[in-house]
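Just below is one structure, and these are the notes that go with it.
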Amino acid sequence: MMLPVRERISMSRSATDKEAIEDDSVSAFLSHLQADRGASLHTCRNYTQALTEFYRWFREKRDKPPEWTRLQGYDFRAWLRDLGARGLSRAAIQLRFSALRTFYKYLIRLGRAESSPIKGITLPKPEKRLPKFLTVPQMIDLLETPLKEFKRQQTADREKKKVTDPSPYVRDVAILETIYSCGLRISELCSMRADDIDWGERVIRVMGKGNKERLVPVGEPALDAINAYWDALPAPPQGGDPVFMANTRNRRAIYPRLIQLRLKKYLELAGLDPAITPHKLRHSYATHMLDAGADLRSVQELLGHAHLVTTQIYTHITPERLKKAYDQAHPRA
């Protein structure tokens, strides 16, 4: 039986952290995140860490646990100064206060707090970092790498009189094609089921953050790659079966860590930066769409972003877009 997020996280925490998680308000908030808001395990883990870290800091400084509804702005300004003195990045500080801000919104909705003591606190602005992405030729090289590696492995195994199983390689082609074709988050890809694919309409039903469903167009190369992968399996997935499997014997769904490891291997084989993550393929999708003329609002919908400002990080200027804008706009281009 799957444990609730709060219990799974608390099992790996110290005694002090467990005490913080067992705080009634924090405990109820974490349950709310999982059950009502459909927050990912990653989000729940980050919010738990932020709340327990503040709890531990407050108790060490004040010799008592925090009474959340009695805390004032100066309590959090003191913590902010302490975080800065420890050398935390601005993004890390923003993350911690985002968790606290969401926590207090929850308390206000329940009527347990009248206002948020976080309100009005000026945080350091996060560094402006452009998202990393692969160029179109680099992306094509990456997409071709799994089958090249299969052929190399097949040749090596033939000399040893062994038979190479093609399914992991054609699966990996299908995974890379689907991420790039649809701009999916890795969690969205891992949770895909066979009946999420509408082959006739060429769209995929995606369950995004907060259990928000969206339909995303999928290209023919990705559909062909999925078909090729399913043909390599003993039996193709049906209904609620996972589209991509980590293990064909028990039909277990692919999981993020396996995708990360396989991607790292192919990046190295293709002579690309092995630090590129699956999420950077999503960056590549968004960048290439915008470079080709897609409007920002459409890309926002395709990516499943709740706010346009999140999508705007992909509007970094590339030489191709700069030249295109000049050619289209300047009367003497």
**OP:** Sort through 111, 120, 84 and tell me the only one that's more than 30 Å from residue 177 (Cα to Cα), touching a residue at least 24 places away in the same chain (Cβ under 8 Å), of a type in the set (Gly, Ala, Ser) and outside any helix (DSSP H, G or I).
**Re:** 120
**OP:** Evaluate the following for residue 248: is it of a type in the set (Ser, Thr, Tyr) and under 23 Å from the mean Cα position of the chain (by Cα)?
**Re:** no
**OP:** Of all residues in the stretch 204-249, count the ones that are of a type in the set (Ser, Thr, Tyr) and assigned to a loop (DSSP other than H, G, I, E, B).
**Re:** 1
**OP:** Could you please let me know if residue 270 is over 27 Å from residue 235 (Cβ atoms), surrounded by 14 or more Cβ atoms within 10 Å (Cβ to Cβ) and assigned by TED's automatic domain parsing to the domain that holds residue 219?
**Re:** yes
Original post:
Given the structure, is residue 174 in a helix (DSSP H, G or I), among the hydrophobic types (A, V, I, L, M, F, W, C), outside the structural domain of residue 69 (by TED's automatic domain parsing) and at pLDDT below 95?
Top reply: no
Original post:
Quick one: which of 171, 252, 193 is basic (Lys, Arg) and either touching a Lys or Arg at 6+ places or on another chain (Cβ under 8 Å) or over 22 Å from residue 41 (Cα atoms) (or both)?
Top reply: 171
Original post:
If you check residue 315 against the conditions, is it among the polar types (S, T, N, Q), under 21 Å from residue 219 (Cβ atoms) and at pLDDT below 85?
Top reply: no
Subject >> Residue in the stretch 141-150 that is touching a Pro at 6+ places or on another chain (Cβ under 7 Å) and either assigned to a helix (DSSP H, G or I) or assigned by TED's automatic domain parsing to the domain that holds residue 176 (or both) present >> reply: yes
Original post:
Filtering the stretch 242-263 down to residues that are among the charged types (D, E, K, R) and surrounded by fewer than 16 Cβ atoms within 10 Å (Cβ to Cβ), which residue is modelled with the lowest pLDDT?
Top reply: 249
Original post:
What number of residues in the stretch 161-214 are more than 23 Å from the chain's Cα centre (by Cα) and hydrophobic (A, V, I, L, M, F, W, C)?
Top reply: 3
Subject >> Given (1) over 30 Å from residue 189 (Cα atoms); (2) part of a loop (DSSP other than H, G, I, E, B); (3) touching a residue at least 24 places away in the same chain (Cβ under 8 Å), index of the condition residue 161 fails >> reply: (3)
Subject >> Within the stretch 166-180, tally of residues that are under 14 Å from residue 145 (Cβ atoms) and in contact with a Ser or Thr (Cβ under 8 Å, 6 or more places away or on another chain) >> reply: 1
Subject >> Scope the stretch 69-100; condition of a type in the set (Phe, Trp, Tyr) and either surrounded by 14 or more Cβ atoms within 10 Å (Cβ to Cβ) or not assigned by TED's automatic domain parsing to the domain that holds residue 44 (or both); matching residues >> reply: 76, 79, 97
Original post:
What do you reckon, is residue 232 over 19 Å from residue 313 (Cβ atoms), touching an Asp or Glu at 6+ places or on another chain (Cβ under 7 Å), in the same structural domain as residue 182 (by TED's automatic domain parsing) and surrounded by 15 or more Cβ atoms within 10 Å (Cβ to Cβ)?
Top reply: no
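The values are calculated or read from the model by the stated rules, or taken from the named source; none is laboratory data. The model shown is predicted, which means the values in this text are computed figures rather than measured ones. Every residue, glycine among them, receives a Cβ derived from its backbone with ideal geometry; neighbour counts consider all protein chains shown.
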